[in-house]
Each structure stands twice: as C-alpha cells, then as structure tokens.
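*Asks:* Below you will find the structure I want to go over with you.
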Amino acid sequence: MNNEHAKQIEANELALANAISVAKLGEPVEKMGAIIEKTLKDKGFNPVYNLGGHGVSKNNIHDWPSVPNHAGGTSDKLKEGIAVAIEPFASTGVGEVRDDVIVEIFSLVEKKGVRSPVAKQILNLLDKYEGRPFAERWIRKELDGKVSDFGLTLGLKELMKNKSIHTYPGLKEAKGTIVTQIEKTIIINDGETIVLGE
C-alpha cells in the first residue's frame, strides 16, 4: 500500500470516529454527514456524495435512516432502538459513483414461473436468503459444478428478465480514481450510543 492510499484510509477512519462521536439520541442524522464531509475534505479527499450509511433492521440492510457523507442531508433524528451503519467513502476524484455494467449481487423479488431448469434450480436455492441479497459466486458454489458458468449466466438472465430477482450493479467512479470505505454499526440503546462489534 502506498503512502497516499494509507492517508486516505486514515482519513476514512478519522471521519468514522468523528461521526460516531456526534451520533447521539435526538441528534439529526445530517450532523454525522457534515462531520464526515469536513473531516475528509480537511484531509484532502472528497466524500462520495451519492453513497452513504443507512439504518439496519431484520432482513433489511438498507433501512431508514439514510446517513449521507456530506452536509445538507436529512434532518431526521436518531431514535431509540435503531441500528445505523455509518459508512464514510473517501474519493481521490470528484466523489460521485455510477452503476457499472457488471452485476454480481442480486436479491429475490418474487418467485415466478421460469422455463429453464437452471433458472428453476437457482430459484430453489434462494429461499434460504429470506429476501436478503446474495452473490452470484454463492450460487455457483451451491450448484457445485452441476451447471456451467454459461448456464448460470443464462439462468440469472432469465430471472432478471421476468423480474424474479433484483440486481445491484457494481459501482465505479472515473478511471484512475481511488475510493476507500470503512464502516461500523451503532445502535441507540437506553439513550446511549453503542458501537457494535467492539
């Protein structure tokens, strides 16, 4: 890792620590976004403006509230009992990502009738995810060589076409840009902010 990359990761870590320090019961979510933006800019990086943190609940990893990486976000306030993933994204570019053409993450929307045996096999594997996103490589591993890569691709395309599955395209910024991200989840419990996993 080069020195500039290490500085970018350190900036992310500091932005995360600063955001956690202001994440208090009753405080506006925007306060976290503002301090993330200020910290990253002070360190010479841009936040990724169109990505951010989010609430986390059972079987819903992108729940209310949305936590921006910049000032001027929502005025929603942190409430008792909610879990929030705080995710500073630091960019060496302008700080705006867009969808890539590559899609490797999906989630089941609704089981619908399909024609191909591979699409049927894939659908049968999806119940265990209970609507949560899954990776193409997980399905490949589950099928354990019983289906070719080409067959898997065709099965997934059929499920996309009939809207049985939702796609989550990869994200990218301008060529040559480096984006780093760090994340921790907090929960407001009995008026206190608890960092999970610590």
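Just so it is clear, none of the values below were taken in a lab; they were calculated from the coordinates. Everything numeric here is computed off the predicted structure, so don't read it as measured data. Cβ coordinates were reconstructed from backbone atoms using ideal geometry, including for glycine residues, and neighbour counts include every protein chain displayed.
*Asks:* Indicate the helices, whole DSSP H runs only, in the chain that combine a mean Kyte-Doolittle hydropathy of -0.5 or more with a Cα extent along their long axis of 27 angstrom or more.
*Replies:* Membrane-span-like by this criterion, though nothing is claimed about a membrane: 3-22.
*Asks:* Let me know the Rg and Dmax you get for segment 100-185 when you use only its Cα atoms, in Å.
*Replies:* 14.6, 43
*Asks:* Cut-off is 10 Å between beta-carbons; in what order do Ser164, Ser148 appear when sorted fewest neighbours first?
*Replies:* Result, fewest neighbours first: Ser148, Ser164.
*Asks:* Obtain the nm distance between the two label points defined at Phe150 and Glu110 by a simple spin-label model: each point lies 7 Å from its Cα along the Cα-to-C-beta direction.
*Replies:* 3.3
*Asks:* Another question, then. Work out how much length Asp63 to Ala17 would gain on full extension: take 0.36 nm times their residue separation and subtract the Cα-Cα distance, in nm to one decimal.
*Replies:* 14.4 nm is the gain from fully extending Asp63 to Ala17.
*Asks:* Given a 10 angstrom Cα cut-off, can you work out which residue in Glu27, Glu37, Glu13 is the most mobile in a GNM of the chain?
*Replies:* It is Glu27.
*Asks:* Given Lys7/Lys175; Lys161/Lys184; Lys31/Lys58; Lys43/Lys163; Lys58/Lys163; Lys79/Lys175, which pairs have Cα atoms separated by over 32 Å?
*Replies:* Lys161/Lys184; Lys43/Lys163; Lys79/Lys175
*Asks:* Same structure again: Order of Arg132, Arg98 from fewest to most other C-beta atoms within 10 Å?
*Replies:* Arg98, Arg132
*Asks:* According to the Cα gyration tensor, what semi-axes, each the square root of 5 times an eigenvalue, does the equivalent ellipsoid of the chain have, listed from largest to smallest in whole Å?
*Replies:* Equivalent-ellipsoid dimensions as semi-axes: 36, 22, 14 Å.
*Asks:* Can you sort Glu158, Glu96, Glu4 by how many other beta carbons sit within 10 Å, fewest first?
*Replies:* Ranked by crowding around the Cβ, least crowded first: Glu4, Glu96, Glu158.
*Asks:* Sticking with this one: I'd like the FRET efficiency for Glu4 and Asp99, computed as 1/(1 + (r/R0)^6) with the beta carbon distance as r and R0 of 35 Å, rounded to 0.05.
*Replies:* So the FRET efficiency works out to roughly 0.85.
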